[in-house]
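S.K.: Have a look at this one before I ask anything.
The values are calculated or read from the model by the stated rules, or taken from the named source; none is laboratory data. Since the structure is predicted, the reported quantities are computational estimates derived from the model, not experimental observations. Backbone-built Cβ (ideal geometry, glycine too); neighbour counts: all protein chains shown. Calculation scope for accessible area: heavy atoms of the full protein, side chains included, ligands and nucleic acids excluded. Shrake-Rupley method; radii C 1.70, N 1.55, O 1.52, S 1.80 Å.
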Amino acid sequence: MKGTLSNKLYSRPLSGYCFVFTAVCVFGLLLFSCSGKGKNAKTYLAEAESALSAGNYSLAKLKIDSIKVLYPQSFDEINKGFGLMQRVRMAENQRNIVYCDSMLAVNYRLLTKMLNDFTYVRDPQYQEFGDYVPKVYPLSSSFHQNGLRSAVSEKGQMYIESVLSGGSLKHNRIKVATKDGSFAESLPVTTDGLNYRFSTLNATYEIVRFSGNDDNGVAKFIYTFKDTPITLSFIGNRTTSIPLPEKAKKGISRSFELSTLLLDIEKLKYEKGRSEALINYLESRKRD
């Protein structure tokens, strides 16, 4: 008796679910058939043309691709779709060039203003491209204070150099931290060319250059917390810590901004060049 009652209790919900599921499926099939009613390859081709005229290049390409999938036997429309796709790609890349030119104009105006805070330095005997050094810490006094200095190459690559005088710490890492425990620490620099020491009559100096991956977020950290007291630690045989000078924070922050801008400019130039190359290729295909 209990088994019969149990079966009845469970059979009703299942039958209800089956009814609802069937109804949803039927409704979905009807909706799909109604939305596709009257559609054919020519319709998709016309919709692609309209999307191209409206500047909706993603939709145009989707409509063209749909013809090959839904109507594989519509050879005439498929062939016309190939030609239309070339026009879509041409228009898309022309738009990219206009956008890149617009952004480059804005960025170059900003660059002209930003470079007022930098000195351009280049040794023609050893350097193909020069560096932009923040004026906030003149090169003539760069060895007179322990801390950090920075520069940015013409192509936008930024580097930080740590300068430490006195002792023989032989440091190859730096760490910057705020009072709340936030910090960033460089990777160890082991390359001799970027990690060197020399002596004068008055002192011994250690200079280590951190660039690329070796920076490990130190420059960005200083830029983010430039208005906050930061402790700089030189890490080697032992650790020596000092307050990061305000001039170093200001110079590194300006270098970070300049690096970001120059890298954006290089990226825009690359994207513009790629679009121009593709347009040339498409035009050569038309001539053939």
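S.K.: Could you tally the net charge around residue 257, taking each other residue with its Cβ under 12 Å from the Cβ of residue 257, Lys/Arg +1 and Asp/Glu -1?
M.R.: On the way: positive: 113, 220, 226, 250, 254; negative: 117, 264.
Once positives and negatives cancel, what remains is +3.
S.K.: Express the accessible area of the range 70-163 per residue in Å², computed with a 1.4 Å probe while the remaining protein chains stay in the model.
M.R.: Values: 5560 Å² over 94 residues.
The answer is 59 Å² per residue.
S.K.: Can you give the extra length, in nm with one decimal, that the chain gains between residue 200 and residue 145 once fully stretched, where that is 0.36 nm per residue apart less the Cα-Cα distance? Mind showing how you got there, number by number?
M.R.: Details: separation 55, 0.36 × 55 = 19.80 nm, distance 1.49 nm.
My answer for the length gained is 18.3 nm.
S.K.: Can you give me the % of accessible surface on the range 62-203 that is carbon or sulfur? Probe 1.4 Å, all protein chains present, nothing else counted.
M.R.: Working: 4630 of 8500 Å².
Looking at the range 62-203 in its full context, I get 55 percent from C and S.
S.K.: Based on the mean of other beta carbon atoms within 10 Å per residue, what is the order of 90-103, 117-130, most packed first?
M.R.: Ranked from most to least packed, the peptides come out as 90-103, 117-130.
S.K.: Using the basic label-point model (7 angstrom from Cα toward the beta carbon), what is the residue 274 to residue 59 distance in nanometres?
M.R.: 2.6
S.K.: Ranked from highest to lowest mean number of other Cβ atoms within 10 Å per residue, what is the order of the peptides 221-229, 70-78, 246-254? Provide the component values of the computation, followed by the final result.
M.R.: Numbers: 221-229: 16.4, 70-78: 13.8, 246-254: 21.1.
With the highest mean Cβ count within 10 Å placed first, the list reads 246-254, 221-229, 70-78.
S.K.: Once you sort the root eigenvalues of the Cα gyration tensor of the range 149-280 as a ≥ b ≥ c, which label holds: rounded (a/c under 1.5), prolate (a/b larger than b/c) or oblate (the other case)? Before the final figure, lay out the partial values.
M.R.: Values: a/c = 2.61, a/b = 1.78, b/c = 1.46.
Taking the square roots of the gyration eigenvalues as a ≥ b ≥ c, the range 149-280 is prolate.
S.K.: If you don't mind, another one. Checking the table 135/175; 135/267; 155/272; 175/226; 135/170; 39/286 against a 20 Å threshold on Cα-Cα, which pairs fail?
M.R.: Numbers: 135/175 24 Å; 135/267 27 Å; 155/272 17 Å; 175/226 15 Å; 135/170 28 Å; 39/286 31 Å.
Over 20 Å Cα-Cα: 135/175; 135/267; 135/170; 39/286.
S.K.: Please state the shape class of the range 84-175: rounded when a/c is under 1.5, otherwise prolate if a/b exceeds b/c and oblate if not, all from the C-alpha gyration tensor. It would help to have the intermediate numbers written out before the result.
M.R.: Values: a/c = 3.32, a/b = 2.55, b/c = 1.30.
Judged from the Cα gyration tensor, the range 84-175 comes out prolate (a/c at least 1.5, a/b above b/c).
S.K.: Another question, if that's okay. How much of the accessible area of the range 227-288, in percent, comes from carbon and sulfur atoms when a 1.4 Å probe is used? Write down the numbers at each step before the final one.
M.R.: Values: 1800 of 3680 Å².
Solvent-exposed carbon and sulfur of the range 227-288 make up 49 percent of the total.
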